[in-house]
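I have placed the structure first, in the form of structure tokens, so that the comments after it can refer back to it.
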Amino acid sequence: MVGVMAKVVERIEDDDLVLRARTQAEALGRLYERHYDRIFRFCVYRLFDKEIAEDVTSTVFLEVARKIRGFAGQTEQDFANWLYAIAANQANAYIRKTSRRKKLLIRAARSMQTSNDTDDPPEPDWPSLYTAILKLKPKHQTLVTLRFFENLPHEQIAQILNVRQAAVRVTLHRILGKLRRHLQTVVDGDV
Amino acid sequence: MFKNETDLEKIVDRLNIDAAPNPEHSENLRRQMLSIFDKTGEQHISQSRRLWRTILKSPILKLAAAAILLIALVIGTYRLAGPIKMTGTAFADIVRPILTAQTATCKITIDADRDQLSETLECMFAEPGRMRQELPGKYISIIDLRQGKLVILMLEEKKAMVMEMESIPDEYKDKSQTNMFLEVRRQIQQAQQSEDTSVEFLGEQEIDGRTAIGYHIEEPFFETTIWADAKTLLPIRIKTSMPTVMNQQITAVFTDFTFDIELDDSLFSLEVPEGYAVETMQWDASRPQEEDLIKMLRLWAETTDGKFPSALNMNTIYEFSELWVKERTVEFDKQREALDKQREAFDKQQERSQHLFEEYNKLSERLDEIQLPQEQLFQEYKKSSEMKEKQRILKQLIEENKKSSKQSDELNQQLEQVMQQMKEESQKELRHTETKLWQAEDFLKEGLSEQIQEAQNRMMPIMRGITFVQELPDESDWHYTGKEAAFGDTDALIFWYKPQGSLTYRVIYGDLSVKDVPPEKLPH
């Protein structure tokens with residue numbers, strides 16, 4: 001019975017975790033624990049390098065600490081979307097600097113596997129795919145990461161990027177072709 | 001290589017990406033984050049800009065804001081204070097700068113509890129009758145009662161709203177107590193004059209790092225707490241609570257006071273800067289009369305299915321603003337519903353277009369596939385230099401052409417149909433839907449000036465009616481019994497008062513007719 005009550009209390013507390021996190025460090029700490037891993041993972045997908053991903057993840061959560069008191073969202077889903085939006089902006093801001101982009105490309109190119117001997121076209125490995133993704137526009141890179149690496153539904157992606165759901169679908173359809181072409185050039189060795 | 005979304009999903013699933021976090025980094029970052037969070041706590045209220053942002057985003061809050069603004073202005077116009085009875089106590093010494101300053105500046109932080117909103121305005125006033133409020137980057141409002149003019153500049157939208165007050169009574173223009181503290185002044189003066197109001201001494205406390213003494217003023221609809229420096233007796237902090245609007249308690253905290261400093265006249269200039277779209281409105285600011293009360297009672301009865309207000313006091317204005325905002329909410333909800341439907345239709349059409357687009361791509365690809373062997377043969381034909389070989393290729397090309405021509409024709413026909421559908425879709429319905437969508441969105445984005453115009457039309461008669469009653473002197477012996485009466489009841493007396501110098505009373509009945517009645521015929 002006590003266990004059930006504890007769960008009920010925990011559930012009630014969870015419901016207003018985001019509201020409490022505006023004023024209570026304990027609630028913000030709990031949100032952090034729940035979302036750190038996924039934001040770090042997202043940053044690794046966007047930035048290839050774990051060290052760089054750690055730096056950007058830090059920037060994301062420090063921004064959260066500064067802005068949470070003014071955060072208007074009510075639910076944990078709102079909070080997660082907000083985190084993704086901040087992470088996407090921070091990652092794009094990092095990549096936007098040409099020298100950094102070049103560094104990421106070189107790191108990815110160095111890790112690429114050599115092609116196999118069969119006649120079938122080789123399945124892309126992570127460095128090749130990353131290199132191809134990096135050739136897309138930053139917003140499109142975010143879209144691909146959220147959809148294929150984070151496996152988020154179109155609806156949530158639309159909320160994070162503040163666009164219509166239909167726009168997400170159409171854009172994905174269009175950039176898939178581009179990604180295919182970029183990947184071909186990467187596989188052909190034209191990094 | 002992948003062909004579609006599902007393929008790419010599978011490829012990504014098979015990638016073995018190392019994205020395991022480092023616990024040490026996670027722990028350090030947690031500490032750092034919580035430390036920053038603690039530090040930002042104190043700065044929160046002054047930094048928050050959410051109140052105004054939310055007001056500008058939310059049509060309903062816009063309405064409430066417009067109503068409150070008008071209420072404040074009208075209270076300001078009519079409540080220009082009676083004689084100040086200084087009681088000779090410390091309370092009088094504390095409130096003296098507020099009541100007598102020739103110029104002043106301060107910050108006003110307005111909080112709305114339900115939505116946890118907060119916004120800080122920078123305010124200044126200069127006698128006679130000029131005041132300026134500024135929300136940096138958002139808006140500036142300047143009022144000059146001598147000139148009977150209010151200018152609101154919406155800085156982001158580059159819009160200016162000019163309200164011209166007509167027929168302001170001279171005695172109001174010359175009063176030297178028209179400033180942004182109107183509401184606070186009114187409460188203080190009422191506290192000094194009214195039996196319904198209590199003033200309680202709160203003793204000494206540390207306020208904003210200074211030793212302060214405080215007083216709490218309570219009257220039927222307002223509460224104010226004033227803290228002043230214990231040594232200089234100058235106010236440090238004034239907190240006033242307004243009546244609840246839309247289940248929301250709104251408080252205003254005045255801080256950072258300066259009194260009697262030099263303020264440049266240009267700060268109160270009513271000139272609209274170049275490049276602003278100007279909208280002008282007229283506002284009847286004459287002294288309210290009996291007919292204003294009748295007009296107000298009629299409007300109330302029409303809005304509430306034949307009822308009259310439960311009382312005639314300042315809270316009646318807030319009650320009506322709440323009724324009016326609720327009424328507008330219904331309208332907005334309808335529009336919102338229509339907008340959602342339009343959005344749904346728009347999304348469906350986008351889906352249809354996308355489907356057609358995909359179909360078009362598939363057909364084109366198939367056409368390319370069919371034509372590819374011919375293309376290749378043609379290239380071979382061009383490259384070949386031997387006549388025999390050329391003839392062989394040409395023969396093959398003719399056969400290939402025969403084979404594929406039927407298929408190509410069919411595909412071309414289908415392509416044409418899809419193209420036609422795409423064209424129709426984009427030219428007719430989609431455009432139509434998009435237009436409707438914009439219209440609906442425009443309605444919901446209606447500007448503050450339109451809301452204020454609407455608020456003025458609806459709220460002004462209520463304000464003028466209430467002000468008429470509030471300004472009646474004690475000798476008028478006014479009574480109100482409308483709470484239980486129904487609109488149209490010719491026998492029900494709902495309001496009566498004795499005009500100055502008259503032997504009879506003016507009586508307003510439930511059908512809003514008016515008669516002169518001797519005192520002995522009135523209810524006891």
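The values are calculated or read from the model by the stated rules, or taken from the named source; none is laboratory data. Keep in mind that this is a model prediction, so the values were computed, not measured. Cβ placement follows ideal geometry from the backbone for every residue including glycine, while neighbour counts extend to all protein chains displayed. What goes into the accessible areas is simple: the full protein's heavy atoms, side chains included, and nothing from ligands, DNA or RNA. Shrake-Rupley method; radii C 1.70, N 1.55, O 1.52, S 1.80 Å.
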Q.
Considering only residues that are among the aromatic types (F, W, Y) and open to solvent by 50 Å² or more (accessible area, probe 1.4 Å), which ones fall in the stretch B:506-524?
A. none
Q) Just a yes or no: is a residue in the stretch B:291-298 touching a residue at least 12 places away in the same chain (Cβ under 8 Å), open to solvent by 30 Å² or more (accessible area, probe 1.4 Å) and in contact with a Gly (Cβ under 7 Å, 6 or more places away or on another chain)? A) yes
**Q.** Residues of the stretch A:148-173 satisfying the condition of being at the interface with chain B (Cβ under 10 Å from one of its Cβ atoms) and among the polar types (S, T, N, Q)
**A.** A:N151, A:Q165
Q.
Please go through the stretch A:62-76 and give me each residue that is surrounded by 16 or more Cβ atoms within 10 Å (Cβ to Cβ), more than 7 Å from every other protein chain (Cβ to nearest Cβ) and among the charged types (D, E, K, R), ordered by number.
A. A:E63, A:E76
Q: Would you check which residues across the stretch A:39-52 are open to solvent by less than 40 Å² (accessible area, probe 1.4 Å), over 20 Å from B:L34 (Cα atoms) and facing chain B (nearest Cβ under 8 Å) and list them?
A: A:V44, A:Y45
Q. Right, B:L34: at pLDDT 80 or above, at the interface with chain A (Cβ under 7 Å from one of its Cβ atoms), within 39 Å of the chain's Cα centre (by Cα) and over 30 Å from B:L150 (Cα atoms) or not?
A. yes
Q.
Just checking, does the stretch B:211-225 include any residue being under 29 Å from B:I140 (Cβ atoms), at pLDDT 80 or above and surrounded by 14 or more Cβ atoms within 10 Å (Cβ to Cβ)?
A. yes
(Q) Looking only at helices (runs of 4 or more DSSP H) that lie completely in the stretch B:368-472, which have at least 1 residues being among the β-branched types (V, I, T), more than 30 Å from B:A345 (Cα to Cα) and modelled with pLDDT of 75 or more? (A) B:387-427, B:448-470
(Q) For the stretch B:367-390, which positions are closer than 13 Å to B:N401 by Cβ, of a type outside the set (V, I, T) and surrounded by 15 or more Cβ atoms within 10 Å (Cβ to Cβ)? (A) B:Q371, B:P373, B:Q374, B:L377, B:F378, B:Y381
Q. Residues in the stretch B:260-274: is at least one closer than 28 Å to B:F487 by Cα and either at pLDDT below 80 or under 28 Å from the mean Cα position of the chain (by Cα) (or both)?
A. no
Q: Spot the failing condition for B:L202; the list is (1) under 30 Å from B:E279 (Cβ atoms); (2) hydrophobic (A, V, I, L, M, F, W, C); (3) at pLDDT 80 or above, and only one is missed.
A: (1)
Q: Read through the list (1) touching a Phe, Trp or Tyr at 6+ places or on another chain (Cβ under 9 Å); (2) more than 7 Å from chain A (Cβ to nearest Cβ); (3) assigned to a helix (DSSP H, G or I), then give the number of the only condition that B:I11 fails.
A: (2)
Q. Since B:T40 meets every condition but one in (1) at pLDDT 75 or above; (2) within 8 Å of chain A (Cβ to nearest Cβ); (3) under 18 Å from A:A65 (Cβ atoms), which condition does it not meet?
A. (1)
Q.
within 11 Å of chain B (Cβ to nearest Cβ), over 19 Å from A:I157 (Cβ atoms) and open to solvent by less than 40 Å² (accessible area, probe 1.4 Å): is that true of A:Y36 in this structure?
A. yes
Q: Go through (1) modelled with pLDDT under 70; (2) within 22 Å of B:D13 (Cα to Cα); (3) acidic (D, E) and name the single condition A:D119 misses.
A: (2)
